[in-house]
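Worksheet: one structure, shown below.
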Amino acid sequence: VEPGDWLIVHGPSGSGKTALLLALAGRMAYDSGRLRVAGHLLPQESAAVRHAVALAELPGVNDLEDNLTIDQHIAERLSIRSFGLWVSRSSITPVLAELNLALQRAHEDAGLTYDPLSGATIVSTLTRLERKLLGVVLALTERPAIIIVDDVDDLRAAEDIELLWSALAVLLGDRTVTLVASVQSASSAPPPSSR
């Protein structure tokens with residue numbers, strides 16, 4: 001696998017896709033075998049793998065807080081990355097702008113209009129697509145080598161799934177981040193024009 005590749009894990013609900021993704025991220029123990037992720041051997045170097053692999057929101061693992069705003073989530077993530085140092089507005093603004101740019105371009109490519117999100121938007125009011133992409137943008141603040149996006153099909157609408165792939169292409173366009181995503185249905189996989 002080369003940096004910047006997109007890998008899609010496909011299988012029905014309950015087939016172990018999430019467990020596989022968590023194992024690849026160094027966040028789930030497994031019984032046998034060895035994995036090498038981002039040049040690090042699991043399970044021996046799981047801390048290094050956790051540093052190299054970021055998770056977009058994964059329910060039950062790293063849930064977004066419904067009552068916080070987008071800005072608060074961004075500030076919290078940036079603060080964690082900077083070991084608790086205070087985060088300025090000038091640090092938050094580019095992350096929010098990146099989220100809005102990805103959503104805007106994806107909608108434009110689909111011939112749709114889109115109103116940018118405000119940083120004061122409460123997470124519970126986001127659409128499934130917006131929430132999933134916020135999770136991706138937050139994960140990208142960790143500057144990972146690999147990003148995990150689980151259960152793309154939970155967006156349900158085919159149009160939203162297409163918008164997600166398009167927005168991911170914008171977000172990951174100039175980065176050498178490897179995307180590992182899971183889908184239940186082969187029809188939910190990204191189009192060939194994606195990486």
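The values are calculated or read from the model by the stated rules, or taken from the named source; none is laboratory data. Given the structure is predicted, the values throughout are model-derived calculations rather than measurements. Cβ placement follows ideal geometry from the backbone for every residue including glycine, while neighbour counts extend to all protein chains displayed. When the accessible area is computed, the model is the full protein with side chains, heavy atoms only, and any ligands, DNA or RNA have been set aside. Shrake-Rupley method; radii C 1.70, N 1.55, O 1.52, S 1.80 Å.
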With 0.36 nm assigned to each residue of separation and the Cα-Cα distance removed, residue 15 to residue 36 gains 5.4 nm
If the chain between residue 112 and residue 174 were fully extended at 0.36 nm per residue, the gain over the current Cα-Cα distance would be 19.9 nm
Taking only C-alpha positions in the range 2-46, Rg and Dmax in angstrom work out to 11.5, 30
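Report the antiparallel proportion of the DSSP beta bridges in the chain as a percent, rounded to a multiple of 5. Show your work: numbers first, answer last.
Numbers: 4 of 16 bridges.
Roughly 25 percent of the beta bridges in the chain run antiparallel, per DSSP.
Hey, what did the range 1-43 get for relative contact order, percent, Cα under 8 Å, at least 6 apart? Let's see the in-between values first.
On the way: 20 pairs, mean separation 9.2, N = 43.
Computed value for the range 1-43: 21 percent relative contact order.
Using the alpha carbons of the range 1-96, what is the convex hull volume per residue in cubic angstrom, as a whole number? Could the numbers behind the result be given before it?
Details: hull volume 14.5 nm³, N = 96.
Per residue, the Cα convex hull of the range 1-96 comes to 151 Å³.
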Over the Cα atoms of the range 66-176 the radius of gyration and the largest Cα-Cα distance (Dmax), both in Å, equal 13.7, 42
Whole-percent carbon and sulfur contribution to the accessible surface of the range 85-135 (1.4 Å, no ligands, DNA or RNA) stands at 57 percent
The range 141-195: spread of alpha-carbon positions along the three principal axes, whole Å, largest first, is 29, 20, 17
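Before I look further, what does the chain give for accessible area per residue, probe 1.4 Å, in whole square angstrom? Mind dumping the intermediate values first?
Values: 10030 Å² over 195 residues.
Roughly 51 Å² per residue, with all protein chains present.
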For the chain, one quarter of the surface area of the C-alpha convex hull, expressed in nm², comes to 11.3 nm²
Expressed in nanometres to one decimal, the distance between label points 7 Å along Cα→Cβ at residue 68 and residue 82 is 1.6 nm
Charge dipole of the range 1-98 built from unit charges on the beta carbon (Lys, Arg +1; Asp, Glu -1), centred at mean Cα; most positive-end Cα among 20, 72, 58 is 20
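Kirkwood hydrodynamic radius, the range 78-130, all distinct C-alpha pairs: what's the number in Å?
Value: 12.7 Å, from the Cα pair sum.
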Correct semi-axes for the range 25-66, from √(5λ) of the alpha-carbon gyration tensor and rounded to whole Å with the largest first, are 23, 12, 7
